[in-house]
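Before any comments, here is the structure.
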Amino acid sequence: MANKSSVDEFILLGLSDDATVQFFLFLIFLSIYLITLVGNMLIMVVIRTDPQLHNPMYFLLSNLSFLDICYSSVTVPKMLEGFLVTKRTISLSGCIAQIFFFIFMVGTEIFLLSAMAYDRFAAICNPLRYSTLISHRVCVQMVVGAWVSGFLDSLVNTLFLIDLHFCGPSYINHFSCELPLLLQMSCTSTFANEMVILTFSMTLGFAALLLIVASYIHIIGTILKISSSEGRQKAFSTCASHLTVVLLFCGTAFIRYMRPASGYSDTLDKLVSIQYSILTPMLNPIIYSLKNKEVKTALRKQFRK
């Protein structure tokens, strides 16, 4: 707060200042980004071209793959640029735009994962009514609802950033702009922003998480009632991939944004951010292709062609 001059540009400190380490990190994260793009595009193509995968579950999965491509593209290209230039700068408007799209994608993914949990609940707990509960129209409505909810969450959060005044320091100890870090650099009161995060974002986020938890409580209860071990294993395998993705994404995001203000290092924050914003979009198609027999069969058909 010593420097009271207005700041309209920030320096992203990134992950390292060592040129050799930066080049090594560039190759690693470029590989991760390419795997993310290819893996998610492959899932989308396989679902679209294989008639056996034309059902609600895979319609939602193809939307998740598209979302993961968008989600990863918010931060990784700017991060890769930072490894190759000497001065890693980002304008204030660019920083706010990055935060807007990041919150947009995070919010949408949480709601999409909750829609996928409801789909698994309907398939396992109400198989006879599944076609009624999860029709194509309902799927489209859930996907549109997820995108609209994510957009509104992001819009409300970033609108409050426009009126804030930033007076330094002009550096951000991270590889991308994140809302908590930017709020710490404001000279004006951030009380309104913090209240919006607590009331709007947390309410929507916990509502989505509550739907996921409630769905899996009913799913586990139904699976335990199945008499044969083969039937239990088959029922559990239909939701194992989704449950793994939920734990990876929501678990690390919860640690990042709900942790106490003290007791965590900047390095740990960066590692947690890398996990849920860069690694998770790469792992999602791998998890679904390894744990799902129908996807593996469809992939083998495509490779034979």
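Some observations on this one:
- Selection within region 6-24: residues that are assigned to a strand (DSSP E or B) and modelled with pLDDT of 85 or more. The member of this set that is surrounded by the fewest Cβ atoms within 10 Å (Cβ to Cβ) is 11.
- Residue list for region 242-273, restricted to those being farther than 23 Å from residue 15 by Cβ and modelled with pLDDT of 80 or more: 242, 243, 244, 245, 246, 247
- Test result for residue 153, touching a Gly at 6+ places or on another chain (Cβ under 8 Å) and open to solvent by less than 60 Å² (accessible area, probe 1.4 Å): yes
- Any hit, region 170-188, residues being modelled with pLDDT under 75 and out of contact with any Pro (no Cβ under 7 Å at 6 or more places or on another chain): no
- Test: residue in region 64-71 that is under 24 Å from residue 183 (Cα atoms), within 17 Å of the chain's Cα centre (by Cα) and buried (at least 22 other Cβ atoms within 10 Å of the Cβ): yes
- Residue within region 92-101 that is open to solvent by 20 Å² or more (accessible area, probe 1.4 Å) and under 23 Å from residue 65 (Cβ atoms) present: yes
Condition check ((1) more than 30 Å from residue 87 (Cβ to Cβ); (2) of a type in the set (Val, Ile, Thr); (3) in contact with an Asp or Glu (Cβ under 6 Å, 6 or more places away or on another chain)) across all residues:
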position	(1), (2), (3)
134	yes, yes, yes
138	yes, yes, no
144	yes, yes, no
150	yes, no, no
153	yes, no, no
157	no, no, no
164	no, no, no
167	no, no, no
170	no, no, no
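- Against the list (1) over 30 Å from residue 144 (Cβ atoms); (2) assigned to a helix (DSSP H, G or I); (3) in contact (Cβ under 8 Å) with a residue 24 or more places away in the chain; (4) open to solvent by 70 Å² or more (accessible area, probe 1.4 Å), the condition residue 27 fails is (3).
The values are calculated or read from the model by the stated rules, or taken from the named source; none is laboratory data. Model, not experiment: these values are computed from the prediction. Heads up, the Cβs are rebuilt from the backbone with ideal geometry, glycines too, and the neighbour counts pull from every protein chain shown. Ligands, DNA and RNA are stripped out before the accessible areas are found, and what is left, the full protein with its side chains, is counted by its heavy atoms. Shrake-Rupley method; radii C 1.70, N 1.55, O 1.52, S 1.80 Å.
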